[in-house]
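The structure appears below as structure tokens.
Read-outs: derived from the displayed coordinates by stated rules, not from any lab. What you see is a predicted model; the values in this text were computed from it and never measured. FYI the Cβ positions are ideal-geometry reconstructions off the backbone, even for glycines, and counts take in every protein chain you see.
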Amino acid sequence: MSREIKGVLFDLDGVLVDTAKYHFIAWKQLAESLGIDFTESDNERLKGVSRLASLEIILSIGNVSLSDTEKEAAMKTKNDNYVAMISQMTPGGILPGALNLLMELREAGIKTALGSASKNAPIILERTGLGEYLDSVVDGNRTSRAKPDPEVFLLGASDLKLNPEECVVFEDAEAGIEAGIAGGMLTVGIGSAEQLGKADALYPDLKGVSWEMIKKELAG
Ligand code: BG6
Ligand code: MG
């Protein structure tokens, strides 16, 4: 299948920035305060999942139930802690290869947009300087339907004034790859085939991955 690619839609957490560790520390502290044992392997289940859905997963692991008010308070505690950590981020928090790819895309005249579930995307983009390389930002503050719903990527394509089939989605979460497919876009998975086997191309990370390589792989 050969299509002309004119835009790239990037997930943020786990694709452009290394924030999973901060989410983990903040969720673990919250889980411990509720007497729940929360491991790094449990944390894998939260990738690409909304804040409320993440809390629900943790509560189900500990078999704990909370009222809606308690859930709101728990999410606020976790998020305040997370925001304190990401507020200290620097460009060093950008994942290897990501900046290089963004610069190549700019050079090649390919439009770029962020497609993230996170409501904290603006702080991360500002702290890392990534905002400068994105033509549009769609995040959890502009969307109401979580991935695998394609809303976040359809809005990105529309911001870039492109058709979905002219865009490629980069994602590290299964729900994100499903969202890209549902939106009619090509998809590049960043991670392992176990979770991202449905993607049109797959890389363990962006280190050493050039736009030329990706284009060839998607055309092949
Ligand atoms: C996604 C992360 O990008 O954003 C999830 O992969 C996170 O782990 C979700 O829960 C929502 O993020 P935030 O920053 O609004 O709590
Ligand atoms: Mg992600």
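How charged is the neighbourhood of Leu34? Take every other residue with its Cβ under 15 Å from the Cβ of Leu34, and add Lys/Arg as +1 and Asp/Glu as -1. Could you put the intermediate results ahead of the total?
Values: positive: Lys28, Lys71, Lys76, Lys78; negative: Glu32, Asp37, Asp42, Glu56, Glu70, Glu72.
Every neighbour counted, the sum reads -2.
Using unit Cβ charges (K, R positive; D, E negative) and no other charged atoms, how large, in debye to the nearest 20, is the dipole of segment 69-220 about its Cα centre?
Numbers: 15 positive and 23 negative charges, 54 e Å.
Taking the Cα centre of segment 69-220 as origin, the dipole is about 260 debye.
Among residues other than Asp149 whose Cβ falls under 15 Å from its Cβ, what is the net charge (Lys/Arg +1, Asp/Glu -1)?
Details: positive: Arg142, Arg145, Lys147; negative: Asp11, Asp139, Glu151, Glu171, Glu174, Glu178.
Around Asp149, the surrounding residues sum to -3.
Plugging the Kirkwood radius over Cα pairs into Stokes-Einstein for the chain, at a temperature of 25 °C and a viscosity of 0.890 mPa s, what D comes out in µm²/s? Show your work: numbers first, answer last.
Working: Rh = 17.7 Å.
My calculation gives 139 µm²/s for D.
List Phe153, Phe170 from most exposed to least, where exposure is judged by having the fewest other Cβ atoms within 10 Å. The partial results should precede the final answer.
Values: Phe153 29, Phe170 26.
Sorted ascending by nearby Cβ count, the order is Phe170, Phe153.
What is the set of long-range amide H partners of Val17 at a cut-off below 5 Å, with H atoms built 1.01 Å from backbone N?
Leu95
Just to confirm my numbers, what's the Cα centroid distance between segment 91-129 and segment 3-70 in Å?
Cα centroid to Cα centroid, the span is 21 Å.
If Lys and Arg each add +1 and Asp and Glu each add -1, what is the summed charge of the other residues whose beta carbon sits under 10 Å from the beta carbon of Leu125? Write down the numbers at each step before the final one.
Details: positive: Arg127; negative: Glu126, Glu132, Asp139.
So the environment of Leu125 carries a net charge of -2.
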